[in-house]
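The values are calculated or read from the model by the stated rules, or taken from the named source; none is laboratory data. Just so it is clear, the structure is predicted and the values come from calculations on it, not from any experiment. Here the Cβ is made from the backbone with ideal geometry for all residues, glycine too, and neighbour counts use every protein chain on show.
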């Protein structure tokens, strides 16, 4: 059977890009609606039911963020799916802002047709199924009302109606039941047995057996619901859990309605049970992701704030370069962690990312096993390595073609030991005081990671030894405890 088409709104101020989106999405078979500005998009939304909005972030007058905010302010569009398209590099702050404005996804330019089609298709199907579910809910409510009316005139007609309804909902995660309040007889349809994980041949429906399948924490509220019918309540709805015979816990929502005789006495209670386990899991996952995004955003902002606040330089250009370098180091490790779904990062990848801008070839030697770092440890160690690389490139072995750098690491009994040895560079003298770089290394390695950092200012080159416990969960706000004094560089005197 052909599915009902949904409307997809394409918003971009560039006709060529709109045409490209139409070509990419035409195979979906949906209705594509075009808007060349934010204001035109708002006019379309007021006149047309839209399933998905594909909007360019950068537009004159109203950009994508402003348009999203205006759309979300309207009650009709608070749940409309919006996908941002951005031709510029989107930072984590921009992504967070977009998600706060109601975006469900980002698509970078150049657009990959298959990816864009897949994203649009998912949200179009979600919109279609949501509408179908709303129609089913209305139909179900109508059927419950009709069935209650039939109960007042004939028990036989009730059973016939119940059989027809059970067939209609058998394909979904729904079940219906009927309880004769006078003689205690129960009737379950196929869906009800399926939800509770039992079979009609082996399970006798009675209060004791049903209660045995209820979650212990929810038994009392259902008992109270039954008691309410004796006090005049005619309908009741609640969420509860069941424990199937195999031990699986399922979430359900139950709706019950009472039928009374002419004297007002309850003679029958009928109800519908819907398995909402997947919805509950989705809500839990959504809440978890929201908390995770909030946590990581706060950590990243705290690190960036500390970097900006504590960096010192004699000139504006030097200050900007120092800040950009440290924030870029943080961004690089964030990318590595994102690729692993924040499970951790390989030490060798952190070093490779810091080496990438220098192209020093055979001046650097690396040796060590694969070491998986916790996310917080990886962030802190990445900043420490950035300080070492940056200052070596400015003042140490990596500042000359003759210089050599050897980085070795090993793990013993949960302790990572990293050795940084420079040679062949400018003559080194022991600094007279500690600057920001040295204090950042000491604070991150010792105070935050619970390890040790040792510096040996040899004339032939710096020798640094870092010891980091791998079993201790480090703080991701490693710069948070630095004081505000000191230079912007790791102290190094060259001769």
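Going residue by residue through the range 461-469, is there one that turns out to be modelled with pLDDT under 90 and over 18 Å from residue 403 (Cα atoms)? The answer is no; no qualifying residue exists.
The residues listed here are 424, 435, 403, 450; of these, the one that is assigned by TED's automatic domain parsing to the domain that holds residue 379, modelled with pLDDT of 85 or more and crowded, with 17+ Cβ neighbours inside 10 Å is 403.
Pairing each residue of the range 35-62 that is outside the structural domain of residue 80 (by TED's automatic domain parsing) and surrounded by 15 or more Cβ atoms within 10 Å (Cβ to Cβ) with any residue that is modelled with pLDDT of 85 or more and part of a helix (DSSP H, G or I), provided the two are 6+ apart or on different chains, yields no C-beta distance under 8 Å. The sole residue among 152, 49, 100, 139 that is in a helix (DSSP H, G or I) and at pLDDT 80 or above is 139.
Given 66, 4, which one is surrounded by fewer than 17 Cβ atoms within 10 Å (Cβ to Cβ), at pLDDT below 90 and in a helix (DSSP H, G or I)? So that I can check it myself, show each step before the final result.
On the way: 4 fails: in a helix (DSSP H, G or I).
Result of the check over 66, 4: 66.
Condition (residue is part of a helix (DSSP H, G or I) and under 16 Å from residue 186 (Cα atoms)) applied to the range 230-241: is it met by at least one residue? No, the range 230-241 contains no residue that is part of a helix (DSSP H, G or I) and under 16 Å from residue 186 (Cα atoms). As for the range 19-31, it holds at least one residue that is over 25 Å from the mean Cα position of the chain (by Cα) and in a loop (DSSP other than H, G, I, E, B). Where helices (runs of 4 or more DSSP H) sit wholly within the range 244-358, those with at least 1 residues that are surrounded by 11 or more Cβ atoms within 10 Å (Cβ to Cβ) and modelled with pLDDT of 85 or more occupy 277-310, 347-355. Screening the candidates 443, 478 for the property of being at pLDDT 50 or above, under 42 Å from the mean Cα position of the chain (by Cα) and closer than 19 Å to residue 380 by Cβ yields one hit, 443.
The selection criterion, being without any contact (Cβ under 8 Å) to a residue 40 or more places away in the chain, closer than 30 Å to residue 20 by Cα and either not in a loop (DSSP other than H, G, I, E, B) or not assigned by TED's automatic domain parsing to the domain that holds residue 53 (or both), holds for residue 118.
Give the residues of the range 193-212 that are crowded, with 16+ Cβ neighbours inside 10 Å, assigned to a helix (DSSP H, G or I) and more than 34 Å from the chain's Cα centre (by Cα), sorted by residue number. First the steps, then the outcome.
Going residue by residue through the range 193-212, those that are crowded, with 16+ Cβ neighbours inside 10 Å are 193-198, 203, 205, 210.
Imposing the further condition that a residue be assigned to a helix (DSSP H, G or I) reduces the set to 193-196, 210.
The answer is 193, 210.
Looking only at the range 83-92, decide whether some residue is closer than 19 Å to residue 15 by Cβ, in the same structural domain as residue 24 (by TED's automatic domain parsing), touching a strand residue (DSSP E or B) at 6+ places or on another chain (Cβ under 8 Å) and modelled with pLDDT of 80 or more. The answer is yes; a qualifying residue exists.
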